[in-house]
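Q: Shown below is the structure under consideration.
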Amino acid sequence: MLRVAVAGASGYMGAELLRLLGVHSKVQLTAVTSERLSGERLDHVFPHLRGLSSLVFQEVDPERLADEADVVFLALPHMESQRAVPVLRRRGRRVIDLSADYRLRDASLYTTWYKAPHVDAAGLAEAVYGLPELHRKAIAQAGLVASPGCYPMGAILATAPLLKSGLGRPEGIVVDGKSGVTGAGAQGRKTDPMYLYTEANENVQAYGIATHRHTPEMEQELSGLCGQPVVLSFTPHLIPLNRGLFTTASVPLGKPASTAELVALYREFYAGEPFVRVLPEGERPTTRRVLGSNFCDLTVVADPRTSRAVCLSALDNLGKGGSANGVQSLNIMMGWDERSGLEAPPVYP
């Protein structure tokens, strides 16, 4: 059994990791950490996980985690992973980081968007962007995987076939993202009034307009796909869902194409991908149909009047947009079936 630890396990992303790892047949959960809940039993903090583990939350100690685990998931606040990763990697432990600390290859971009200098240049150079559909081979060999943000996951999967094929033009891309309230994390929900029930319920709000930190992730990965710089416009919205993320991306086309041709392109691009479902022409993705899963549902529609493609994706922000995708990366790193621990279909209703 592979020994696995989760640091920062008391948030929404950490709780989802514990739920998935607790029933994974090939792993043993050996340590969980939380600064604010140190000393508390896991099953007391998360009663829904009662019977899966009797572990007690510890404070974050990278040396101790290296003693207790072979692979460590980090679900820590930004900047905190940079303190843990150098120790874990020096001790030979493989790491899957769910924070933003290692997603951007250019350290200056991290400073610009996160308003703090990056202090682990070696880790940044080593990290592999954890999007299996684009970087599967690199993930398999990686010691450090930087799992994507939920908004970039939805936007990149929705537009990648167009940019990779050259049919989509790299300029003038507009991305609209809508996320449930768990996207802010447990602490964000407590500190920002917009996540209060009375503010979020029966309401839709735009935020981070032209400034959201997930923008450079999208541009980095899409630029790599098409071989030239991509600068896009991204606007996120908060919607009154617990979990779920819906993306609408408008991409200029370099030449005319029908909806049937675009759908065929997407089917070819994602052929064999276990967790990307390209829907039939005329069918639309919804967040309800991917709830609690690692699936991303996609479709694309041609708009000949504007010479654009309208790309739609739906995923669970804690699933394919977070913890479940991290487990998929773990499976790839260990050479296991990618579906291990992720076989359950979406929850309905």
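Q: Whether any residue in the stretch 96-117 is out of contact with any helix residue (DSSP H, G or I) (no Cβ under 7 Å at 6 or more places or on another chain), crowded, with 19+ Cβ neighbours inside 10 Å and among the hydroxyl-bearing types (Ser, Thr, Tyr) is what I want to check.
A: There is at least one residue in the stretch 96-117 that is out of contact with any helix residue (DSSP H, G or I) (no Cβ under 7 Å at 6 or more places or on another chain), crowded, with 19+ Cβ neighbours inside 10 Å and among the hydroxyl-bearing types (Ser, Thr, Tyr).
Q: Can you pull out every residue in the stretch 304-349 that is small (Gly, Ala, Ser) and not in a helix (DSSP H, G or I)? Full working, then the answer.
A: Filtering the stretch 304-349 for residues small (Gly, Ala, Ser) gives 307, 309, 313-314, 319, 321-324, 326, 329, 335, 340-341, 344.
Across the stretch 304-349, the qualifying residues are 307, 309, 313, 314, 319, 321, 322, 335, 340, 341, 344.
Q: Test each condition in (1) closer than 24 Å to residue 211 by Cα; (2) surrounded by fewer than 19 Cβ atoms within 10 Å (Cβ to Cβ); (3) of a type in the set (Gly, Ala, Ser) for residue 138 and report the one that comes out false.
A: Among (1) closer than 24 Å to residue 211 by Cα; (2) surrounded by fewer than 19 Cβ atoms within 10 Å (Cβ to Cβ); (3) of a type in the set (Gly, Ala, Ser), the lone unmet condition for residue 138 is (1).
Q: Next question, about the same structure. With in a loop (DSSP other than H, G, I, E, B), in contact with an Asp or Glu (Cβ under 6 Å, 6 or more places away or on another chain) and at pLDDT below 95 as the only criterion, which of 38, 10 stands out? I'd like the intermediate steps shown before the answer.
A: On the way: 10 fails: in contact with an Asp or Glu (Cβ under 6 Å, 6 or more places away or on another chain).
Answer to the selection: 38.
Q: If the Cβ limit is 6 Å and pairs must be 6+ apart or interchain, which residue in the stretch 62-85 that is without any contact (Cβ under 8 Å) to a residue 24 or more places away in the chain pairs with which residue that is crowded, with 16+ Cβ neighbours inside 10 Å?
A: Pairs found: 81/74; 81/97; 81/99; 81/101.
Q: Right, next: Can you say whether residue 46 is of a type outside the set (Lys, Arg), touching a residue at least 40 places away in the same chain (Cβ under 8 Å) and out of contact with any Pro (no Cβ under 8 Å at 6 or more places or on another chain), as far as the supplied structure shows? If you could, list the steps in order and put the result at the bottom.
A: Values: of a type outside the set (Lys, Arg): yes; touching a residue at least 40 places away in the same chain (Cβ under 8 Å): no; out of contact with any Pro (no Cβ under 8 Å at 6 or more places or on another chain): yes.
Spelling it out, it is not the case that residue 46 is of a type outside the set (Lys, Arg), touching a residue at least 40 places away in the same chain (Cβ under 8 Å) and out of contact with any Pro (no Cβ under 8 Å at 6 or more places or on another chain).
Q: Can you find a residue in the stretch 63-78 that is part of a loop (DSSP other than H, G, I, E, B), out of contact with any strand residue (DSSP E or B) (no Cβ under 8 Å at 6 or more places or on another chain) and under 30 Å from residue 115 (Cα atoms)? Show your work before the answer.
A: Step one: of the stretch 63-78, the residues part of a loop (DSSP other than H, G, I, E, B) are 69-70, 75-78.
Applying the additional criterion that residues be out of contact with any strand residue (DSSP E or B) (no Cβ under 8 Å at 6 or more places or on another chain) yields 77-78.
When the remaining residues are screened for being under 30 Å from residue 115 (Cα atoms), the result is 77-78.
For the stretch 63-78, residues part of a loop (DSSP other than H, G, I, E, B), out of contact with any strand residue (DSSP E or B) (no Cβ under 8 Å at 6 or more places or on another chain) and under 30 Å from residue 115 (Cα atoms): present.
Q: On to the next question. Give 251, 230 a once-over and let me know the one that is at pLDDT 95 or above, in contact with a Gly (Cβ under 7 Å, 6 or more places away or on another chain) and not small (Gly, Ala, Ser). Working first, answer last.
A: On the way: 230 fails: in contact with a Gly (Cβ under 7 Å, 6 or more places away or on another chain).
From the options 251, 230, the qualifying one is 251.
The values are calculated or read from the model by the stated rules, or taken from the named source; none is laboratory data. Fair warning: this is a prediction, and the values are worked out from it, not measured in the lab. Note that we place each Cβ from the backbone using ideal geometry, even for glycine, and neighbour counts take in every protein chain shown.
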